[in-house]
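Note sheet for the following structure.
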Amino acid sequence: MSILLADGEQVLRKYRCATVDCTASDRSNIFGLGPNRPASDALVIVTSKRVIFYTRGKEPAKATGLPPMHLQEAFVDSICSTEFVRTDMKKSATMPLALTILGILLTVGGLVGGFMSVAVPGVILLAVGVLALVLSMIRPEPLVTLRIATSASESGIHVSGASRKEESEISFAMIPGDEFENMANEIGAIIVDLQENGEACIDRWVQ
């Protein structure tokens, strides 16, 4: 962790709120059943001036040879609301169900018509579809959401190697950490205290 602090800026709280798989993926392409490897700590750092979300992958990315990282900041004086969610999310069964139905149609059609070249792929599709369908129902995925809204307008600088559509599909597998609930319970009070009392309240919150 090497985030620099501004002159006079102090760290008040540091939460290991989740563990993250920093490999971005559109998991809808693999029916939500692909391997997730949350291993990197996701930190939320509250300073006297900013709220910072930071995570850095432990292994270099294959494409760049550099560790992936994700950093977001919100300035305390412009924060207007917070939202934290920790729950289970059921995976979509649409694609597994479609594979199952297609497998049934090919299998039945192949057997009735005597076309084993059609029936065999149908059986394979049916098996894959049923397996994916079962896993989608019995393996809920942990859902972690952290939103900190500000009154400021959207940044005027946006640089990305992905299109807006691709960005909307990027997802990170996340598992909530032991400090997630503590963060959710007190971060709002810290922000309000800083906005109303400024540096006078810093000693009350410094860990």
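The values are calculated or read from the model by the stated rules, or taken from the named source; none is laboratory data. This structure is a prediction, so every number in the text was calculated from the model and none was measured. Quick reminder, even Gly has a Cβ in these numbers, built from the backbone with ideal geometry, and neighbours come from all protein chains shown. Just the protein is used for accessible areas: all its heavy atoms, side chains included, with ligands, DNA and RNA removed. Shrake-Rupley method; radii C 1.70, N 1.55, O 1.52, S 1.80 Å.
Worth pointing out:
- The residues of the range 82-111 that are among the polar types (S, T, N, Q), modelled with pLDDT under 85 and more than 30 Å from Met183 (Cβ to Cβ) amount to a single one, Thr94.
- The set of residues in the range 112-158 that are at pLDDT 80 or above, part of a helix (DSSP H, G or I) and of a type in the set (S, T, N, Q) contains only Ser117.
- Filter result (modelled with pLDDT of 85 or more, open to solvent by 40 Å² or more (accessible area, probe 1.4 Å) and not basic (Lys, Arg)) within the range 40-64: Asp41
- Residues located in the range 88-136, provided they are open to solvent by 70 Å² or more (accessible area, probe 1.4 Å) and within 30 Å of Ile52 (Cα to Cα): Asp88, Met89, Lys90
- Selection status of Val144, crowded, with 16+ Cβ neighbours inside 10 Å, at negative phi and in contact (Cβ under 8 Å) with a residue 60 or more places away in the chain: yes
- For the range 2-39, the candidate set comprises residues that are polar (S, T, N, Q) and modelled with pLDDT under 90; within that set, the residue that is least open to solvent (accessible area, probe 1.4 Å) is Ser25.
- Members of the range 173-204 that are part of a helix (DSSP H, G or I) and open to solvent by 40 Å² or more (accessible area, probe 1.4 Å): Glu181, Asn182, Asn185, Ala189, Val192, Gln195, Glu196, Asn197, Glu199, Ala200, Asp203, Arg204
- A residue that is more than 27 Å from Glu141 (Cβ to Cβ), aliphatic (A, V, I, L, M), out of contact with any Leu (no Cβ under 8 Å at 6 or more places or on another chain) and assigned to a helix (DSSP H, G or I) occurs nowhere in the range 72-89.
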